Every structure is written in structure tokens, then in C-alpha cells.
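Worksheet for the structure shown next.
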Amino acid sequence: MRIALETSITTFNNAGSARYALELLQAFQTTEIELLEVKVTRKFRFPAPGIARKILVAYWEYIYSTYSLPLWLKKNPVDLLHCTIPMPLQQLKRERNYKIVVTLHDLLPFSHPQWFPTLMGNRLRKWLKASVQVADHLIASSEYTKKEILNYLNLSENNVTVVYLGKKTPSNLAKDSQAERPFLLTVGTLEPRKNLLAVLEAYKLVKQQISFVPKLLIVGRKGWGETKLQTLITEFGLQDQVELRGFVPDDTLFALYQQAEVFIYPSLAEGFGFPPLEAMACGCPVITSNAASLPEVVGNAGLMVDPKNIQQLAMMIQRVLEDKTLAQELRQRGFVQAERFSWSHSAQETIAVYQQVLKK
């Protein structure tokens, strides 16, 4: 079985979908499949926002996906092409001598178009539709995502298989985060979907209820909506209690997970949700949303809240801070739940999808 794994997303960022591509690529190394990696460029990664990234994205969409990738596939015969993200694959017609599998991580451009700039939303929807038109099978990262695919793309259930993602295992000696302890932690790109304004409002309420509340660390790259976040921090007078750490490397992030009193993640929607899974693997008590895929990932190992209910979120934060027995119980449950997710298992289930598709 000769498989081409398309990993262009790793050129653009190292967020969830890029991590998926990298971890799957690594997990496949211990399997018996013959694997070829194909991507837009190997010269550099993560171009900064601006003209350079726009040029590279345009090249990826209009040159690489349309001409270079089909040409590469002609020169490098494979049994199956697996695209780790939706792509503009219109040139890859149904009449070909290889199969195509595409992983869809979420359908947010359809379900929540207001979270995307107009141009970006239009392009993402275009890529999703194009992928579905040529794919022989789809992989969804959660049951929630599968339901969204069936709902918005009008597909048969037989055309979609759920393969849960894995977790990156932290080192027992994770690099010291150099954060002043104790602290509360939330992680995510600074954008409305992550619901960070709700975290700030809940944090303010908790400070009104108990005498001492640890600092709040917010870790994540700049997105769109960070201006409102900064404004609210100032408005609430929390400049000395809330720290925006920006992006941190994995070793530092895992150290933060290990050292935090509680991890707060009231995201409005996730196709999977790496942060709460990684927090549980690091032994951090988790408070997260009862929405989208997050109940699938966290199970009964964390405290669930309505992400739009600020009072409930504040109450849960206060409970974990005041009840050390509960905090320890959540830590133990989290370790057990996190063990259910591994990249080796994800790789084996993905190979099973390949085998199923190639039999058709």
C-alpha cells in the first residue's frame, strides 16, 4: 500500500490541523505502509501574517493544488492520496488510478460564518466543497464533526469515518515555564471562538467572591479579536492579574499545564480540541464547554459548563480553587481519560480507512 500524505498545512502554522499532520506522519513511520510526504514547500515554515503569507497561500491554491500536485501524482504513482486538510482539488477528477481520502476537522465556515472574515470564509467553504466532490472517503476528527459534515454537505453516513486524534505525550521533566505560581491557565488563538472574553468576566466574578485568586495566564497567538480582550482587561482593572503570554513552544506549554491550578477552556465550538486533552495528560484539572466535540474528548474527567453562562463558569472555577479533593479527583480522572487517545491508535484506524477505501 503506497500512500501519499499531503502535509502543506505544516508550512503555514503549527496549530491543531498542522499538529495532526505532523503527528500522523510520525506515527506512520512505525507501520508497514509505504509513505510519501508531499507538501507545498520545504524551504520555510510559518510565514508571518502579511504579504508573504498571502502570496504563499495564493500559490498553494492556484498553482500547487491545481497544477503541481496533479503533476507530482503522475510522476509518483500511489494507491491513495490522503489530504490532512480540505483543499481545492478540482483538477483531481474521479477518473484516476488512485483513491483520495480527506480529513475534515470542522465545518465552522458553514455553521458559524460570522467567525471568519468574508473572503476567508468564502475560500474555506470553497475548499470544503471541492474536497467533498473528489474524495472517495472522508475522515472526521469527532462524532460532532461527522454530524456537521452530514448536515452541511449532504453526504451519506457511509462516506465518513470518525478517527479520534491523539495527544502529544509530555516529558516528565517538561521545561520550566518560569511562570509565577500559583496561576490559572487558558490556551487558544486570540479570536472570538475561544470565548476568552467570557473567561475574563468569570475571572472578575471569582475575584469578587473569594479573597485570593491566582493570576490568569492566557497563552496563544494573536488572532482577530485581541483588541477587545485588551480593552476588557483594562476596563476590569486586571492589568496586574492577567498576563497575555502569546505563543509558547510545546515544552513550555506542557510545563504550564503541569503547574496550573486549573485549565479553563469554554470554547464555543471545536472540531476536536487538543488543549483540554493535553491539559488532562499533564494532570491539570479541566473546566470546559458542554458544546461541540469537547464532551467526547473530556468525558467525565472534567467539569462541563454552558460556554455562554458566565455565572456557571465562575462557580466552577471557584469550586476547583476551594475544593482540593475535587481538584485531585479531576487530575486522576484526566490521566485516565487522556490515555484513551494516542497517535499510534489514530494511525492504525486511519490505515483501516485506507484499506476499506482501496477495496472498493
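FYI, it's all coordinate maths here, none of it is from the lab. The model shown is predicted, which means the values in this text are computed figures rather than measured ones. We place every Cβ from the backbone using ideal geometry, glycine too, and count neighbours over all the protein chains shown.
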- Message: Just to confirm my numbers, what's the Cα centroid distance between the range 121-161 and the range 196-265 in Å?
- Response: 34
- Pairwise label distance in nanometres, LEU358 with ILE210, each label 7 Å out on the Cα-Cβ vector: 5.4
- Item | Electrostatic dipole magnitude of the chain [Cβ: Lys, Arg +1; Asp, Glu -1; Cα centre; debye, to 20] | 1140
- Query: LEU119 versus THR41, label points 7 Å from Cα toward the beta carbon: distance in nm?
  - Reply: 1.8
- Message: Can you tell me the mean projection area, over all orientations, of the convex hull of the range 183-338's alpha carbons? Units nm², please.
- Response: 8.0
- Message: What aspartates and glutamates does LYS93 reach when the alpha-carbon gap must be under 16 Å and sequence neighbours fewer than 8 apart in one chain are set aside?
- Response: ASP79, ASP136
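Within the chain, which is the longest segment that contains none of the GluC sites (Glu not before Pro) sitting in a DSSP loop with at most 15 other Cβ atoms within 10 Å? Spell out each step's value before the answer.
Values: sites that count: GLU32, GLU95, GLU180, GLU339.
That gives 181-338 as the longest site-free run.
Could you work out how much longer the chain between TYR59 and TYR98 gets when fully extended? Use 0.36 nm per residue separation minus the Cα distance between them, nm to one decimal. Intermediate values should be presented prior to the final figure.
Values: separation 39, 0.36 × 39 = 14.04 nm, distance 2.45 nm.
Between TYR59 and TYR98, full extension yields 11.6 nm more.
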- Would you mind giving the average projected area, over all directions, of the Cα convex hull of the chain in nm² with one decimal? 18.0
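Using only helices, what value at 222 nm comes out for the chain when you add -39,500 (n - 2.57) per DSSP H run of length 4 or more and divide by the total residues, to the nearest 500 deg cm²/dmol? Display every interim value, and only then the final one.
On the way: 15 runs with 157 residues, N = 360.
Helices in the chain give a 222 nm mean residue ellipticity of -13000 deg cm²/dmol.
Apply 1/(1 + (r/R0)^6) to the Cβ-Cβ distance of LYS228 and GLN91, taking R0 = 45 Å, and write down the FRET efficiency to the nearest 0.05. Let's see the in-between values first.
On the way: r = 41 Å, r/R0 = 0.91.
According to the calculation, E is roughly 0.65.
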